[in-house]
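Have a look at the structure below, then the notes.
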Amino acid sequence: MSRVTPASIPDTQVMDRRNLDWYVDKAVQVLVFVGGVSAILFIIGIFVFITKEGFGFLTTTFDAQEFFTSPRWRPTSEHNPTYGALALIVGTASVTGLAMLVAVPFSLGAAIYIGEFATGKTREALKVLVELLAAIPSVVWGFIGLSMMNPLIIKLFNVPVGLNVLNAGVILGLMAAPIMTTIAEDSLKAVPDGYREAAEALGATRWQVIFKVVLPAAKNGLVAAVLLGVGRGFGETMAVLMASGHSINLPTSIFDSVRALTATIAAELGETAVGSDHYRALFTLGIFLFLITFLINLTADLVVRGIRKK
Amino acid sequence: MVEADRSSAAETDEVVSTAPVKVDVRNLTISYSGKTALRDVTLDIRQNEIFGIIGPANSGKTSFLRALNRMDLFIPGMKVDGSIVLDGREVRKWRNVYALRRRIGVVFPLPVGLPMSVYDNVALAPRLAGIKKRARLDPIVERCLQRAALWDEVKDRLDSLGSLLSGGQQQRLTIARALSQEPDLLLLDEFSIAVDPVTTMRIEEVLKELKQELTIVLVTNLVQQARRLADRTAFFLTGELVEVAATSALFSGEVNDERTRAYVEGRFG
Ligand SMILES: Nc1ncnc2c1ncn2[C@@H]1O[C@H](COP(=O)(O)OP(=O)(O)OP(=O)(O)O)[C@@H](O)[C@H]1O
Ligand SMILES: [Mg+2]
């Protein structure tokens with residue numbers, strides 16, 4: 001009886017059979033892998049496409065010095081077309097810069113209020129509201145810029161045109177603020193309550209808790225929120241096209257009309273002959289935009305990664 | 001050996017019973033959204049004693065500490081009734097609760113190293129109080145870390161992140177932080193939950209020293225820890241104060257309630 005009989009040894013061979021769970025697990029792994037790879041392939045495909053279209057221009061007519069330093073974007077000139085993108089770059093940058101001046105205080109303020117002060121129903125209501133704002137299509141924002149902001153700016157500041165850097169910047173700022181608020185609020189929520197409790201126990205006031213403990217702890221998420229807002233500003237087309245005045249200009253004040261990179265592509269691409277210099281120059285603008293937004297998103301991503309490491 | 005312990009404990013009893021009252025708690029009742037967590041507790045805590053609070057989970061120990069430093073303000077639904085008089089002044093009459101909290105150090109069950117450097121962790125409270133100069137902060141930081149028995153381990157890495165220290169070190173960092181505001185009342189809530197036995201012993205030694213300078217309320221779920229440290233001990237059970245007495249009496253069987261005897265002897269439930 002005390003002898004160990006062979007039957008009492010568990011039959012590991014039988015246990016180790018591949019059952020349904022095992023197959024399902026493998027199938028899901030394969031599906032997810034295919035999904036991930038195809039997403040990457042699409043992105044590479046898009047990049048290859050715009051590069052290919054712009055390539056001929058880049059290697060022949062393209063003059064880097066003119067592109068980056070000349071404000072003269074005259075692709076349709078009959079005798080001497082010039083492809084200076086400086087005014088467009090400055091246009092996009094000035095609108096985005098102003099937009100961030102508007103959006104950063106708005107969205108951080110809203111995130112702090114929703115995350116740290118609002119409770120219960122108010123908080124839920126505000127979060128829904130912010131998400132609703134984020135869902136407003138950009139053409140609607142453009143419409144607001146065109147039909148409401150335009151006369152308002154003319155009247156308030158007594159300027160001839162209300163479609164300018166100010167208009168587009170404010171519109172773009174309001175447009176980017178909701179998504180920035182959401183991300184900033186998420187990063188505030190990720191700060192453990194224990195930190196707040198510990199600071200409160202030290203006699204910190206609510207503002208001290210927020211400024212000395214919560215914001216520093218959420219720093220990376222907040223930076224990521226701002227960078228994503230910047231990325232959004234650079235990439236936005238419709239609202240900027242409608243609100244900026246769309247005229248080629250090196251702005252000297254916020255009341256000057258400007259033209260954005262994106263808006264230029266959107267407005268001109270339909271009127272060019274496929275394969276012409278103009279067509280390819282527009283694709284070069286696209287490559288440039290792609291690289292900038294890629295860099296911004298990459299930075300945001302690296303910053304967010306920084307959070308997780310901690 | 002046991003005899004010696006008993007007699008020294010008896011001596012402290014006498015010292016404590018003549019010491020002035022630090023916190024006078026009368027008919028304290030605490031509820032959360034109408035659900036009572038602590039019912040009609042009356043007791044006093046004397047100056048320079050270690051006042052132990054023992055009791056199983058859910059007995060209301062943490063709630064008691066929260067009421068002392070007015071953490072109820074930030075907990076929606078938490079309601080405190082009765083009176084808590086600290087140094088002759090009702091804590092709920094303080095208009096500036098921040099000033100009140102600065103006099104009370106708190107150590108939570110799980111170590112909370114704030115995500116800033118070791119130095120900044122300890123310097124936070126003095127900075128909040130307006131001390132900005134490095135020359136004044138340095139000695140405070142060093143002294144608090146010394147008192148928390150952590151200085152030797154971190155003096156070369158004061159700039160590294162506080163949240164990267166080991167659990168036991170972070171708990172001592174928390175104690176150093178609590179001391180940095182020069183409190184005269186120190187509340188500890190099950191501080192040894194996430195700390196190894198050796199570190200626990202070191203912290204216990206620290207507490208015995210600190211007792212000379214301040215009053216300590218020690219909530220613990222380790223009955224033996226209360227026995228080792230507390231001058232007097234209160235036994236809480238499901239929101240009720242079963243009894244409060246000199247620790248030596250409780251552990252030598254001089255109890256008024258059989259439930260206390262059962263709990264301290266470890267045969268409960
Ligand atoms: N923030 C809160 N909101 C609602 N109810 C709470 C809250 N904190 C505690 N309670 C309730 O109050 C009662 C007492 O809890 P308390 O945390 O004071 O017990 P405790 O003695 O500290 O227990 P433990 O030993 O597990 O820490 C429990 O029934 C608990 O559910
Ligand atoms: Mg507790």
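Pick from B:Gln146, B:Gln181, B:Gln169: which is most flexible by mean-square fluctuation in a GNM of chain B where alpha carbon atoms under 10 Å apart are linked? The residue with the greatest mean-square fluctuation here is B:Gln146. Between the Cα long axis of helix B:134-147 and the first principal axis of chain B there is an angle of about 40°, rounded to the nearest 10. Residues whose amide H falls under 5 Å from that of B:Ile53, counting only those 5 or more places apart or on a different chain, are B:Leu218, B:Val219, B:Thr220, B:Ala234, with hydrogens built in the peptide plane.
Mind putting a number on the dipole of region B:113-182 about its Cα centre? Charges go on the C-beta only, +1 for Lys and Arg and -1 for Asp and Glu, and I need it in Debye to the nearest 20.
On the way: 11 positive and 8 negative charges, 56 e Å.
My answer is approximately 280 debye.
Relative to the longest principal axis of the Cα atoms of chain B, helix B:197-210 runs at roughly 90 degrees.
Here the Karplus relation 6.51 cos²θ - 1.76 cosθ + 1.60, evaluated at θ = phi - 60°, turns the backbone of region A:70-86 into coupling constants of 9, x, 8, 9, 10, x, 9, 4, 5, 8, 9, x, 10, 10, x, 9, 4 Hz, with x for every Gly and Pro. Springs between alpha-carbon atoms under 10 Å, Gaussian network over chain A: tell me which of A:Ile46, A:Ile254, A:Ile265 tops the mean-square fluctuations. Comparing A:Ile46, A:Ile254, A:Ile265 in the GNM, the peak value goes to A:Ile46.
How many Cβ atoms of partner chains, on average, are near each residue of A:74-83 if near means within 10 Å of its Cβ? Each step should come with its number before you reach the end.
Details: counts 0, 0, 0, 0, 0, 0, 0, 0, 0, 0.
Rounded to a whole number, the mean comes out at 0.
Please go through the residue pairs A:Lys189/B:Lys35; B:Lys61/B:Lys208; B:Lys35/B:Lys61; B:Lys22/B:Lys132; A:Lys121/A:Lys189 and name each one whose alpha carbons sit more than 23 Å apart in this structure. Show your work: numbers first, answer last.
On the way: A:Lys189/B:Lys35 28 Å; B:Lys61/B:Lys208 21 Å; B:Lys35/B:Lys61 15 Å; B:Lys22/B:Lys132 31 Å; A:Lys121/A:Lys189 17 Å.
Those over the limit are A:Lys189/B:Lys35; B:Lys22/B:Lys132.
Taking the Cα centroid of region A:183-208 and of region B:15-68, what is the distance between the two, rounded to the nearest whole Å? Region A:183-208 and region B:15-68 have Cα centres spaced 27 Å from each other.
Placing unit charges on the Cβ atoms of the charged side chains and taking the dipole of region A:171-310 about its Cα centre, the candidate lying farthest along the positive direction among A:Ala281, A:Gly235, A:Thr205 is A:Thr205.
What FRET efficiency would be calculated for the residue pair A:Val34, A:Phe68, taking the C-beta separation as r and a Förster radius of 25 Å, to the nearest 0.05? Plugging the Cβ-Cβ distance into 1/(1 + (r/R0)^6) gives 0.05.
Would you mind working out the magnitude of the charge dipole of chain B relative to its Cα centre, with +1 at each Lys and Arg C-beta and -1 at each Asp and Glu C-beta, to the nearest 20 Debye?
Numbers: 37 positive and 36 negative charges, 261 e Å.
For this selection, approximately 1260 debye.
Counted over region B:112-269, the DSSP beta bridges are approximately 60% antiparallel.
Each of A:Met242, A:Met100, B:Met78 has some number of other Cβ atoms within 10 Å of its Cβ, and from fewest to most they run B:Met78, A:Met100, A:Met242. The charge dipole of chain A, taken about its Cα centre with unit charges on the Cβ atoms of Lys, Arg (+1), Asp and Glu (-1) only, comes to about 720 debye.
None of the figures in this text is laboratory data; all of them are computed from the coordinates on show. Computed from a predicted structure; not experimentally measured. A quick note on method: Cβ atoms are made from the backbone with ideal geometry, for glycine too, and the neighbour counts reach across all protein chains shown.
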